[in-house]
Amino acid sequence: IGAVIAMALGSKGLHFKYLFALGFFFLSLSAVFMYFEVQTAGMYERLKYAVIIRAIGMMILYALTAAYANQRMPFKYLSTWICIMLTVRMVLGPGIGGAIYSNVLQERQQYYITRYAQNVDMMHPEASASFTQTVQGMQYQGKSKQEAIHMAAMSAKGRIQVQATLSAVKEMAGWTLYACLFLMPFGVIIFHVLMGFLIYSFF
């Protein structure tokens, strides 16, 4: 879909800088979808739409980079440029991006667990009722009181951890949205400088 959009708009004479902005628009749209879809009542299957929208934006950017490089650099460097793009996309990008994402997610998750757990004690009406109900349920199943208390504590921690993970993912989606909204006009203004530096820095 992204390649078709890039080719169709490119054949209409749309300037590359606007295609650049369009790619980041789809990335920001994916971040907005993630922000509102990630919730306790959300369905995992619906996240495929966010993946599709993000892939459209990424494909537009990659197709744009390849087309721009094809027009600006000597033909003898085209195969080298394709290898560089594939290396960045398939090796460096996933490795660096995955490491950053997992570390930031873990750090923000721990932050929200600490934040949400501050007021979860026996003085909290909902937490106290849920804890007591879980303890009684475990004892009815034949567990000892100590085991029932431990299971109830683990259950309470699990609910807090789920909420903390949702909050962390939402926060990261918000950061992605802000970054894309910044890069859209920024890329339009200095598109040639940005792409020229990206291409000629390798040769």
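The values are calculated or read from the model by the stated rules, or taken from the named source; none is laboratory data. Model, not experiment: these values are computed from the prediction. With ideal geometry, Cβ positions are generated from the backbone for all residues, glycine too; neighbour counts draw on all protein chains shown. Just the protein is used for accessible areas: all its heavy atoms, side chains included, with ligands, DNA and RNA removed. Shrake-Rupley method; radii C 1.70, N 1.55, O 1.52, S 1.80 Å.
For the reader, a short list of remarks on this structure follows.
- For peptides 84-92, 19-27, sequence by mean Cβ density within 10 Å, most packed first: 19-27, 84-92
- Percent carbon-and-sulfur accessible area, segment 1-48, ignoring ligands, DNA and RNA, probe 1.4 Å: 69 percent
- The modelled label-to-label distance between Trp175 and Phe36, using points 7 Å beyond Cα along the C-beta direction, is 2.4 nm.
- Potential extension, Ala67-Gln110 segment - 0.36 nm per residue separation minus Cα distance: 11.2 nm
- FRET efficiency for the Ile82 to Gln161 pair, using the beta carbon distance and R₀ = 35 Å, is estimated at 0.20.
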